[in-house]
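Structure, as structure tokens:
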Amino acid sequence: LAVQVASDLEAAAKKRGIRIAQIYGGRAFEPQVERLEKGIEVIVGTPGRIIDLATRGHLDLAYVGCLVLDEADEMLDLGFLPDVEKILAMTPGGRQTMLFSATMPGAVVTLARRYMTQPTHIRAHGNDEGSTVPQTTQFIYRAHNLDKPELLARVLQARDRGLVMVFCRTKRTAARLGEDLTARGFAVGALHGDLGQGAREQALRKRLP
């Protein structure tokens, strides 16, 4: 997510000369420290690596003017709340804070009330139903768990299907489904939290023949 957001920001700021740094774990410290030392205006990173660099004195958050917590509900659900609170404590009290979240669970609401002054809740909907964009067509297939790999394999054999992204509920399911589809002859890259950053990027670079 950090790589994706940073890439989008770099494209948007291409003609404005804004320097953006990607800071995340699974990579060596030295290149990231060197990037920071050259001077940057925007940091896009993961909580753990940001805290590590700040603790080591390579990153000073005392001058942050705007702090954005993307996918706030997911981050808090994954147990990042202590890290988020550490980062918030390192930033100025007068900063602007924005929380982006698909849902507003209690933890996100509590975080907003604790660290934001008179927060404003803004809802964004793509259409009147607030579900999917008009260009999206949905199909639902009800199947037993044991039949899902076979059903998915048949769907993937559709003519002109293009590239496909499949979401799984757990890391174990993602790994098992990847192995199952690979055994069936599909070019698959499993992506989950047990993989190192290098393995994740390698999986994302895979292309179906």
*asked:* Quick query: amide H of Met98 versus all other amide H atoms, modeled in the peptide plane; which residues come in under 5 Å with a sequence gap of 5 or more or a different chain?
replied: Leu67, Val68, Leu69
_Cα-based Lys proximity count in the chain, under 20 Å, for pairs eight or more positions apart or on separate chains_ = 4
*asked:* If you take semi-axes √(5λ) of the Cα gyration tensor in Å from the coordinates, which of (1) 27, 22, 16; (2) 49, 19, 15; (3) 35, 23, 18 do you get?
replied: (3)
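The numbers here are math on the coordinates, done by the rules we state, and not lab data. What you see is a predicted model, and the numbers here were worked out from it, not measured in a lab.
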